[in-house]
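The values are calculated or read from the model by the stated rules, or taken from the named source; none is laboratory data. Being a predicted model, the structure only gives us computed values, none of them experimental. Don't worry about glycine lacking a Cβ; one is built from the backbone with ideal geometry, like all the others, and counts go over all protein chains shown. These accessible areas exclude ligands, DNA and RNA; they are computed on the full protein's heavy atoms, side chains included. Shrake-Rupley method; radii C 1.70, N 1.55, O 1.52, S 1.80 Å.
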Amino acid sequence: MQKVVKYRCPSNIALVKYWGKKEGGIQIPANASISWSLSDLFAETTMIATPSNQTQLEFKYDGNAKPSFEPKILDFLNRIAPFSDFVKQHSFEVDTMNNFPHGTGIASSAAGFGALALCIADLEGKFEVGSDEFYQRASFFARLGSGSACRSVYSEPAIWGEHSEVENSSDLFAVPFEGQIHESLKNWKDCVLIVDDGEKKVSSTAGHSLLKNHPYAEARFKQAQKNIGNILQFMQNGNVSDFIALVESEALQLHSMMMSSIPYFTLIRPGTLAILEEIWTFREETNLPIAFTLDAGANVHLLYSSEIEEQVTNFIHTKLLVYCKKGLYLCSSIGGNPLKLS
Ligand code: DP6
């Protein structure tokens, strides 16, 4: 019998970064990472499962056949198959779309694999939809598509990777942060300033692999583990200035690891640095709670408390828009559950 399901899953932005994988295993992170989900930047995916003795796939993007995406998704299903008889015994039709424009350099894989993983966990029917086990199973599946995607299935800050200070943390799936977030860090927003909308010169997967022979890799992994412990403290005690310093340092460490890889590469652009300078000046002048972070690209994520939205919008329009490709920036609230749509 055919089964159909549809999910919406948000994208996420890491505060402490996953950059580097352990050897052996699929997408096993070299250090723990933590992210905020971006509820207004999401993927919506419909999945139809038909019983079959071979896992086959038909892939559409927003209703249009996209055979070029099929090998990647089929690979993903084949990675899940050893853990799921359901996947082994079905063929799938997938139709997906992102609500943010294509070619903006915003990673669509986290939301995309997150939504697919939720569909599979639901169709499989092993755990009750919405239960902790259900989300953990979806997170486990999402990881097999793209590491960072495993953090997208939670509305709470999500931690992925074993860490001594996070109970039940695992390299195999993300877990939601169970602590009490301080009021001052509860209602933040993220505006992604689109500095470059072109193809990345080096994919994240290729970037991760350059950590293998990286001269500073071990020091970076240690630092990230330490930063996880610290950021969890700051999120609970509301130490906003240390939170900001840690988040910005993480972004710069990520890019300095790229610049010191062998071979080296850069993903930030002159506009990226110009925006960082503007943010530092603005913060010095106003003392407002605003920070940046970066993912594996040139775009700048501007993080700020929603209480200062008006000042930040004004700041973007007067100082930052000039560095944005076609004046484009996309804003999202932090948090928000993945949604089952049908
Ligand atoms: C810089 O999850 O895209 O965004 O596991 O190879 O698919 P794969 O890589 P990916 O790497 C994301 C790296 C990052 C940091 C982060 O999200 O933690």
Under 5 Å between amide H atoms, partner at least 5 residues away or on a different chain: which partners does Asp40 have, H built in plane at 1.01 Å? Ser333
Spherically averaged projected area of segment 202-342 from its Cα convex hull (nm²): 11.1 nm²
Below 12 Å, Cα to Cα, which aspartates and glutamates can Lys3 reach? Residues fewer than 8 away in the same chain don't count. Glu93, Asp122, Glu124
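Once the Cα gyration tensor of segment 19-73 is diagonalised, what are the square roots of 5 times its eigenvalues, in whole Å and ordered largest first, as equivalent ellipsoid semi-axes?
The answer is 29, 20, 11 Å, longest axis first.
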What accessible area per residue comes out for segment 294-342, rounded to a whole number of Å², with a 1.4 Å probe? 48 Å²
Any residue on another chain or 5+ positions along whose placed amide H is under 5 Å from the amide H of Val16 is listed here as Ile34
Return the subset of Lys6/Lys189; Lys66/Lys201; Lys72/Lys340; Lys6/Lys226; Lys186/Lys319; Lys17/Lys88 for which the Cα-Cα distance in this structure is over 31 Å, preserving the input order. Lys6/Lys226; Lys17/Lys88
antiparallel share of DSSP beta bridges within segment 34-193, to nearest 5, in %, is 75 percent
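Taking N as the number of residues in the chain, what is its Cα Rg relative to 2.2 N^0.38 Å? Please list the in-between numbers first.
Details: Rg = 19.5 Å, N = 342, 2.2 N^0.38 = 20.2 Å.
My calculation over the Cα atoms of the chain gives 0.97.
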Taking the chain and a Cβ-Cβ threshold of 4.7 Å, the cysteines left without a partner are Cys9, Cys119, Cys150, Cys324
Can you tell me, using C-alpha contacts under 8 Å and at least 6 residues apart, the relative contact order of segment 1-119 as a whole percent? 34 percent
Can you tell me the relative contact order of the chain? Whole percent, Cα pairs under 8 Å, sequence separation 6 or more. 24 percent
So the carbon and sulfur contribution to the accessible area of the chain, 1.4 Å probe, in percent, is 49 percent
Where N is the number of residues in segment 137-194, Cα Rg divided by 2.2 N^0.38 Å: 1.25
Within the chain, the percent of DSSP beta bridges that are antiparallel, given to the nearest 5, stands at 90 percent
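With helices defined as uninterrupted DSSP H runs, which ones in the chain have an alpha carbon span along their own long axis of at least 18 Å and mean Kyte-Doolittle hydropathy of at least 0.0?
Working: long enough: 109-124 (22 Å, 1.35); 132-145 (20 Å, -0.44); 217-237 (30 Å, -0.71); 240-259 (28 Å, 0.84); 270-286 (24 Å, -0.14).
Length and hydropathy pass: 109-124, 240-259.
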What whole-number value in Å² describes the accessible area per residue of segment 143-185 for a 1.4 Å probe? 40 Å²
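Let me spell out the model: positive unit charges on the Cβ of Lys and Arg, negative unit charges on the Cβ of Asp and Glu, origin at the Cα centre of segment 22-164. What dipole size does that give, in debye rounded to 20?
360 debye
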Estimated FRET transfer efficiency (Trp280, Met1; beta-carbon r; R0 51 Å; 0.05): 0.30
Roll a 1.4 Å probe over the protein heavy atoms and report the accessible area of His102 in Å², nearest 10. 120 Å²
